[in-house]
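Visitor: If you scroll down you'll find the structure; I have some questions about it.
The values are calculated or read from the model by the stated rules, or taken from the named source; none is laboratory data. Given the structure is predicted, the values throughout are model-derived calculations rather than measurements. Methodologically, a virtual Cβ is constructed for each residue, glycine included, from the backbone with ideal geometry; neighbour enumeration extends over all protein chains shown. For accessibility, only protein heavy atoms count, side chains too; no ligands or nucleic acids. Shrake-Rupley method; radii C 1.70, N 1.55, O 1.52, S 1.80 Å.
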Amino acid sequence: MPTDIREIRGLPIWLLREYLEGAGGEATGDERVSGQGWTARLTQIEDYRIGSLSVGQVRLEIEADEQALADLLARLEPKLLRAGG
């Protein structure tokens with residue numbers, strides 16, 4: 001089963017969990033969300049630092065069959081794109 005691993009910056013873990021639930025998943029704990037053909041694990045990791053700037057990070061690991069992964073990412077990626085302001 002393919003695994004997709006990403007480090008997401010600037011997005012709190014609770015909001016990423018909500019995005020996964022909105023994509024058809026059900027939380028099975030604070031760190032796991034499962035949907036049709038996929039399971040995601042969320043892990044808070046050390047902040048990303050540039051000089052004195054610090055940004056929170058979450059590690060997202062998705063295990064899924066190929067079609068379920070493609071479908072999930074198609075629903076999730078637009079929410080993960082952030083524009084500066």
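Visitor: Give the accessible area for E21 in Å² (nearest 10); use a 1.4 Å probe, count only protein heavy atoms, and leave out ligands, DNA and RNA.
Guide: Solvent-accessible area, nearest 10 Å²: 80 Å².
Visitor: Rounded to the nearest 500, what is the chain's calculated 222 nm mean residue ellipticity when only DSSP H runs of at least 4 contribute -39500 (n - 2.57) each, over all residues?
Guide: -9000 deg cm²/dmol
Visitor: Within region 7-30, whose backbone N sits under 17 Å from a point 7 Å along Cα→Cβ of S54?
Guide: Correct set: 9-13.
Visitor: How big is the dipole moment of the chain about its Cα centre under a simple scheme where the beta carbon of each Lys and Arg is +1, that of each Asp and Glu is -1, and everything else is neutral? Debye, nearest 20, please.
Guide: 380 debye
Visitor: Can you list residues from other chains, or at least 5 along the same chain, whose modelled amide H is less than 5 Å from the amide H of R32?
Guide: Distant-sequence amide H within range of R32: L42.
Visitor: ³J(HN,Hα) across region 34-44 via Karplus (A = 6.51, B = -1.76, C = 1.60, θ = phi - 60°), whole Hz, x for Gly/Pro?
Guide: 10, x, 5, x, 8, 9, 10, 10, 10, 9, 6
Visitor: Hey, another quick one. Taking the Cα atoms only, what angle lies between the long axis of helix 66-80 and the longest principal axis of the chain, rounded to 10 degrees?
Guide: 30 degrees
Visitor: Compute the long axis of helix 13-22 from its Cα atoms, compare it with the longest principal axis of the Cα atoms of the chain, and write down the angle in degrees, 0 to 90, nearest 10.
Guide: Roughly 30 degrees between the two axes.
Visitor: Per 0.36 nm of contour for each residue apart, how much would the distance between E7 and Q67 grow if the chain were fully extended, relative to their Cα-Cα spacing?
Guide: Length difference between fully extended and current span is 19.4 nm.
Visitor: Using the reciprocal of the averaged 1/r over all distinct C-alpha pairs, how large is the Kirkwood radius of the chain in Å?
Guide: 13.3 Å
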